[in-house]
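Trainee: I have a structure here, written as structure tokens, and I will follow up with some questions on it.
Read the figures in this text as sums done on the coordinates, not as results from a lab. Here the structure is a predicted model, which is why all the values come from computation and not from measurement. All Cβ positions, even for glycine, are placed from backbone atoms using ideal geometry, and neighbour counts span all protein chains on display.
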Amino acid sequence: MVNAEQNIDKQLIPILEQVSDPEIPVLSIMDMGVVRSAVLLSDVVEVEITPTYSGCPAMDVIGDDIKKALKEAGFNSKIELILTPAWTTDWITPKGRKALEDYGIAAPLNAEADKDVLLNGKRLVKCTNCGSQNTRMISQFGSTACKAQFQCDDCLEPFDYFKCLK
């Protein structure tokens with residue numbers, strides 16, 4: 001799904017959908033919403049990508065993976081990192097949110113609920129194993145800085161929660 005703020009040539013979408021997020025391989029960079037623009041100008045595809053957070057170490061890998069995928073499809077490419085507008089978890093597609101849950105990472109809540117969960121200990125994050133909301137935060141940081149570590153008090157499974165970023 002391409003959001004209205006993106007400018008992506010339709011012929012490039014299937015290629016870009018094959019490029020996985022290196023930190024969450026079940027998501028494509030399109031599912032994550034990091035591709036802001038991909039247009040074919042003359043014989044070069046110019047791609048603009050936005051990091052999920054400033055200093056995200058995965059952006060170099062993502063840029064290299066985009067170049068590789070486009071080269072395999074017969075295109076030369078130029079990748080540009082853009083910082084504004086800043087990436088938001090609102091850009092994760094519905095397909096991407098479902099893929100996160102299926103992979104064992106709770107999808108981000110809205111900004112207000114996220115604050116209640118992370119700062120006030122509210123039990124709003126659903127367990128990705130059993131679906132219970134009887135969950136609690138174990139650590140503000142999970143496997144990456146953009147995630148928090150949670151545990152379900154019903155099935156006792158640990159899981160990551162993808163923090164809301166606005």
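Trainee: Given the rule -39500 (n - 2.57) for each run of at least 4 DSSP H residues, summed and divided by the residues of the chain, what is its mean residue ellipticity at 222 nm, to the nearest 500 deg cm²/dmol?
Mentor: Estimated from H runs of four or more residues: -7000 deg cm²/dmol.
Trainee: Put a dot 7 Å past each Cα toward the Cβ at SER143 and LEU41; how far apart are the dots in nm?
Mentor: Once both label points are built, they end up 3.7 nm from each other.
Trainee: What percent do you get for the relative contact order of the chain when only Cα pairs under 8 Å and 6+ apart count?
Mentor: Once normalised by length, the contact order is 17 percent.
Trainee: Run the simple label-point estimate for LEU83 and LYS98 please: 7 Å along Cα→C-beta, distance reported in nm.
Mentor: 3.7
Trainee: Which entries of LYS95/LYS166; LYS71/LYS98; LYS95/LYS163 have Cα-Cα distances beyond 23 Å here?
Mentor: Cα-Cα > 23 Å for LYS71/LYS98; rest within.
Trainee: Moving to a separate point now. In straight Cα distance, which lysines are under 26 Å from LYS78, not counting same-chain residues fewer than 8 positions off?
Mentor: Straight-distance partners of LYS78: LYS10, LYS67, LYS68.
Trainee: Might you list the cysteines of the chain that have no disulfide-compatible partner by the rule of another cysteine's Cβ under 4.7 Å?
Mentor: That list is CYS56, CYS146, CYS164.
Trainee: Rounding to the nearest 10 and keeping the result within 0 to 90°, find how far the Cα-based axis of helix 111-120 lies from the longest principal axis of the chain.
Mentor: 40
Trainee: Using alpha carbon centroids, what distance separates the stretch 78-121 and the stretch 31-74, in Å?
Mentor: Cα centres, the stretch 78-121 to the stretch 31-74: 19 Å.
Trainee: Out of residues 5 or more away from LYS147 or on other chains, whose amide H comes under 5 Å of its own, with H placed 1.01 Å from N in the peptide plane?
Mentor: So LYS147 has HN proximity to GLY142, LYS163.
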